[in-house]
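**Q** Below is a structure I'd like to ask you about.
None of the figures in this text is laboratory data; all of them are computed from the coordinates on show. Just so it is clear, the model here is predicted, and its values are computed rather than measured. Glycine gets a Cβ as well: all are built from the backbone with ideal geometry, and neighbour counts include every protein chain shown.
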Amino acid sequence: MGSSSLPAAAPLVDRFARRITYLRLSVIDRCDLRCTYCMPERQTFLPKSEVLSLEELYSLSRGFMARGVRKIRLTGGEPLMRRDMVELARALGRHLGSDLDELTLTTNGTHLASHADDLAQAGIRRVNISLDTLDPARFVRLARRDALEQVLEGIAAARAAGMAVKLNTVALKGENEGEIPELVAWAHGQGMEITLIEVMPLGAVEADRHDQFLRLSDLRAGLEQRWTLTPEQHRSGGPARYVRVAETGGRLGFITPLTGNFCDGCNRVRVTATGQLFACLGGAEQVDLRAALRSGNPEVMLDKALDEAMRIKPEKHHFAIRGAGEAPALARHMSMTGG
Ligand code: SAM
Ligand code: SF4
């Protein structure tokens, strides 16, 4: 798995003239937590043969880089549950500064403490860590596993390794909503950014999505009673919109898929651990990259599949929270595409 630069090939541009430069790659569907908004307690995971191998993940990433993708985020499931995760990060990290501008990671942090140094050395400079609460009892209720301490150790280790840590917090009605100011103040107090995420109706979970859903516009209005929030131009290349909190000095992001449309500037596609490309987080449009990779002519077939993805990428997502008792509009869980 060398590091030579690629010859120029046609960039990935969809029918709406959006250039795709960002790949979110799920490397595993398994997870050691069971966040109540993400997956059910009795989630069925895939047999290993279905999941892309290290070599396949690397070839696929190279195929994307050849078409102009400059940023790759590794995600899951829980990416650090893959034994060869550091090896993959090292292989991809060799392309930083030539074919790749940035390699990042989204993790729940439970296994980060032991890998942070290696990941930083591989070239990961920024990491998103999910943290919905600082309260141990609430953590157990939300993640259905007792792991807050490991996550906090993971955060500390990532910072000690020199990585910029951004926290991701899903805002949940009647659950962590009252704790959000404390979480934001805690993150900012340590120099970390934090982004609040509206719960998305992806896949069936035990809870009713209506009971979980908290409008971030309402939450923001509440925060404005307490703090001075000044909108910022800063964009991270993602869908978040940012404000600066005058009182804490920190940056706070909002991701509002349901109450604010963020599709105009979409620059990304998502690939699952089985190599299924989803052209939109909120849509069903999909292309099978694994079939291309496992064909007799992987490079040509992968290119064709990527062209097809550009043809089917929808203009906007179709999220909606359905009525109580109805099946979710999208059957797949967030753990398939990694957020
Ligand atoms: N396991 C890793 C983690 O938790 O960071 C990576 C994968 S996880 C699916 C990526 C992000 O998606 C996390 O920040 C998680 O909180 C968020 N997420 C999961 N299910 C969601 C849902 N239904 N709505 C909104 N965000 C969700
Ligand atoms: Fe696992 Fe991340 Fe989903 Fe939580 S949000 S269950 S940590 S994949």
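**Q** Given labels modelled 7 Å from the Cα in the Cβ direction, how far is it in nm from SER49 to ARG144?
**A** Rounded to a tenth, the inter-label distance reads 2.8 nm.
**Q** Using per-residue counts of other Cβ atoms within 10 Å, averaged over each peptide, order 215-222, 72-79 from highest down.
**A** Those peptides, ordered most packed to least, come out 72-79, 215-222.
**Q** Note the angle between two axes, namely the Cα long axis of helix 54-66 and the longest principal axis of the Cα atoms of the chain, as a number of degrees from 0 to 90, rounded to the nearest 10.
**A** Around 80 degrees separate the two axes.
**Q** Let me know the shape class of the range 193-253, please: from the alpha-carbon gyration tensor, a ≥ b ≥ c as square roots of the eigenvalues, rounded when a/c is under 1.5, otherwise prolate if a/b is greater than b/c, or oblate.
**A** In terms of gyration-tensor shape, oblate.
**Q** What angle, in degrees between 0 and 90 and rounded to the nearest 10, separates the Cα long axis of helix 216-226 from the longest principal axis of the Cα atoms of the chain?
**A** The helix 216-226 is inclined about 40 degrees to the chain.
**Q** Here's another thing I want to ask about it. Could you please report the charge total around VAL165, scoring K, R as +1 and D, E as -1 over all other residues with beta-carbon less than 13 angstrom from its beta-carbon?
**A** Once all neighbours under 13 Å are counted, the net charge is +3.
**Q** Taking the Cα centre of the range 22-337 as origin, sum charge times position over the Cβ atoms of Lys and Arg (+1) and Asp and Glu (-1), and report the length of that vector in debye to the nearest 20.
**A** My answer is approximately 560 debye.
**Q** How about the chain: what cysteines have no other cysteine beta carbon under 4.7 Å from their own?
**A** Unpaired cysteines in the chain: CYS31, CYS263, CYS266, CYS280.
**Q** Defining a contact as two alpha carbons under 8 Å apart and six or more residues distant in sequence, what relative contact order in percent does the range 83-209 show?
**A** Contact order relative to length: 23 percent.
**Q** Label points 7 Å out from Cα along the Cβ direction at TRP186 and ARG42: separation in nm?
**A** About 3.3 nm separates the two model spin labels.
**Q** What is the local net charge at GLU315, summed over the other residues whose Cβ is closer than 12 Å to its Cβ (Lys, Arg +1; Asp, Glu -1)?
**A** After counting each charged neighbour, the total is +1.
**Q** Then there is this: With a cap of 13 neighbouring Cβ atoms within 10 Å, and only residues DSSP puts in a loop, list the chymotrypsin sites (Phe, Trp or Tyr not before Pro) found in the range 1-109.
**A** Sites meeting the loop and neighbour criteria: PHE16.
**Q** By per-residue mean of other Cβ atoms within 10 Å, what is the highest-first order of 151-160, 292-301?
**A** 151-160, 292-301
**Q** Roughly how tilted is helix 148-160, in degrees to the nearest 10 and between 0 and 90, from the longest Cα axis of the chain?
**A** 60
**Q** I would also like to ask the following. Once you keep just the Cα pairs under 8 angstrom separated by 6 or more residues, what percentage relative contact order results for the chain?
**A** Answer for the chain is 21 percent.
**Q** Extension gain LYS173-ARG215, at 0.36 nm per residue separation less the Cα-Cα distance, in nm?
**A** The span from LYS173 to ARG215 would gain 14.3 nm if fully extended.
**Q** Could I ask something else about it? Do the sum for the chain: with -39,500 (n - 2.57) for every DSSP H run of n ≥ 4, divided by all residues, what is the mean residue ellipticity at 222 nm, to the nearest 500 deg cm²/dmol?
**A** -8000 deg cm²/dmol
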